[in-house]
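Beneath this line is the structure, given in structure tokens, with notes to follow.
The values are calculated or read from the model by the stated rules, or taken from the named source; none is laboratory data. Since this is a predicted model, take the numbers as computed values, not measurements. Heads up, the Cβs are rebuilt from the backbone with ideal geometry, glycines too, and the neighbour counts pull from every protein chain shown.
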Amino acid sequence: MGSWFWRGFLFLIMVVSGCGPDYGMYIHTTEEPQDPDVIVITEIQREVIVVPQYVEVEVIVEVEADYGEIWVDSFTQIQSVNGVDIVWVIDTSGSMYAYNAQLYAGIGAMLSALPATGWRLAMVAADGNYAEHEAQFPLLPGDTITDAQTMHTNMLKGHLEQGFDAIYRFLVHNTYAQQWLRTDAALLVVFVSDEEDQSTNFSQVQDFVNWYGNLRNGSAYLASVVNQPSSTSLCAHAVSPIHVGDRYMDATNQFGGQIVDICDSDWSAGVIDSAVQISPYDKITLTHTPSVENSIRVFLDGQLDWDWAYDSSDNTIYFGSVPDGGVLVEVGYLYHPVEDMDTGDTGN
């Protein structure tokens, strides 16, 4: 959190919470408030000085009220890109046929969640010997789940379970893929396997992370649909430790991606989140319900911003102008922890 945020936002909270009258912020005004029990903040400078008992602030609030505590939600806007290339790297060994229904439903959910334009989606085997030679044209906006099922049926299939190696060989050595992959688009890779990654070219997960993280100028994302440890697995059967997708999950976590239990009967939620992750954020749903709507402040890279609207019906901030890529967006507001606990709001 930038120091200016705390000097501006925290000072507002300090004053309205009934702190002593010996502190204030330098303001451009000579007009005294009519009501001594009300403070108003107008134009605020950065320095703090001694002032009379009144302070002019941006919003009229009563001094004695209990407004709760400060909460800040934040995110860093993804880089602006020309669409997104999506590659599902699918384990095509025999045991995976049992998950075809979830696979098709998950891909269908992604198709419905993607933007109306700008994306391309392909499927390759988690076997580099075949991924390197896959030559199907990608799915495009307007294609359906039927088209996706046809692609899955016709894709080259191998028995190896080497997702890291497979996506490397597909992106670097597949000459057909080079004709449609775009260097200025974001990249999302979704690993799907009921086995651990057994890649030989990337024996260390960090080696894969270092290579993949340098693609697309930092706009590269991961998701994984894999076996979870027995302690958290949704499988009806015991999951052998050697089948847990630790390497996939480790890499995915380093990119802040979504991880779905392969035994979940519906992969849609995680897959949709993966699709949403690669689109610039034009809104943010707050973790808590503000106790005072007028306490909401939005900062872009530490600078106060007013080009937004708050909708209390869904507790969401909608941006008038989508923040630029790489910008740190912070939303600070007052909330009552006890009241949020009573309504089941536990935060993100």
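Search segment 279-297 for residues that are without any contact (Cβ under 8 Å) to a residue 12 or more places away in the chain and in the same structural domain as Leu334 (by TED's automatic domain parsing) and pair each with any residue that is hydrophobic (A, V, I, L, M, F, W, C) and assigned to a loop (DSSP other than H, G, I, E, B) when their beta-carbon atoms are under 8 Å apart and the residues are at least 6 apart or on different chains.
Going by the 8 Å Cβ cut-off, there are no qualifying pairs.
Return the residues of segment 214-233 that are farther than 17 Å from Leu181 by Cα and not polar (S, T, N, Q); say none if nothing qualifies.
The answer is Ala223, Val225, Val226, Pro229.
Working only within segment 111-161, note down all residues that are buried (at least 19 other Cβ atoms within 10 Å of the Cβ), in contact with a Gly (Cβ under 6 Å, 6 or more places away or on another chain) and within 22 Å of Val226 (Cα to Cα).
Ala125, Ala126, Asp127, Tyr130
Please verify whether segment 252-266 includes one or more residues that are part of a strand (DSSP E or B), under 22 Å from Ile78 (Cα atoms) and not β-branched (Val, Ile, Thr).
Yes, because at least one residue in segment 252-266 is part of a strand (DSSP E or B), under 22 Å from Ile78 (Cα atoms) and not β-branched (Val, Ile, Thr).
Which members of segment 261-272 meet the condition of being in contact (Cβ under 8 Å) with a residue 40 or more places away in the chain, of a type outside the set (S, T, N, Q) and either touching a strand residue (DSSP E or B) at 6+ places or on another chain (Cβ under 6 Å) or surrounded by 14 or more Cβ atoms within 10 Å (Cβ to Cβ) (or both)?
Hits for segment 261-272 are Ile262, Asp264, Trp267, Gly270, Val271, Ile272.
Considering segment 273-322 alone, what residues qualify as being under 20 Å from the mean Cα position of the chain (by Cα) and assigned to a helix (DSSP H, G or I)?
Of everything in segment 273-322, those that are under 20 Å from the mean Cα position of the chain (by Cα) and assigned to a helix (DSSP H, G or I) turn out to be Asp273, Ser274, Ala275, Val276, Gln277.
Do the conditions hold for Tyr221, that is, is it surrounded by 22 or more Cβ atoms within 10 Å (Cβ to Cβ) and either among the polar types (S, T, N, Q) or within 30 Å of Tyr310 (Cβ to Cβ) (or both)?
yes
Could you please give the count of residues in segment 159-207 that are over 29 Å from Ile242 (Cβ atoms) and either of a type in the set (A, V, I, L, M, F, W, C) or without any contact (Cβ under 8 Å) to a residue 24 or more places away in the chain (or both)?
9
Give Tyr97, Tyr104 a once-over and let me know the one that is aromatic (Phe, Trp, Tyr) and surrounded by 15 or more Cβ atoms within 10 Å (Cβ to Cβ).
Of the residues listed, the single one that is aromatic (Phe, Trp, Tyr) and surrounded by 15 or more Cβ atoms within 10 Å (Cβ to Cβ) is Tyr104.
Just give me the residues in segment 213-236 being touching a helix residue (DSSP H, G or I) at 6+ places or on another chain (Cβ under 9 Å), of a type in the set (Ser, Thr, Tyr) and free of Cβ contacts under 8 Å to residues at least 40 places away in the same chain, in sequence order.
Residues of segment 213-236 touching a helix residue (DSSP H, G or I) at 6+ places or on another chain (Cβ under 9 Å): 213, 215, 220-230.
Still in the running and of a type in the set (Ser, Thr, Tyr): 221, 224, 230.
Passing the criteria: Ser224, Ser230.
Which members of segment 177-217 meet the condition of being over 14 Å from Leu121 (Cα atoms), assigned to a loop (DSSP other than H, G, I, E, B) and not acidic (Asp, Glu)? Show your work before the answer.
First, the residues of segment 177-217 that are over 14 Å from Leu121 (Cα atoms): 183-184, 192-217.
Now restrict to residues that are assigned to a loop (DSSP other than H, G, I, E, B): 183-184, 194-204, 214.
Matches in segment 177-217: Thr183, Gln198, Ser199, Thr200, Asn201, Phe202, Ser203, Gln204, Asn214.
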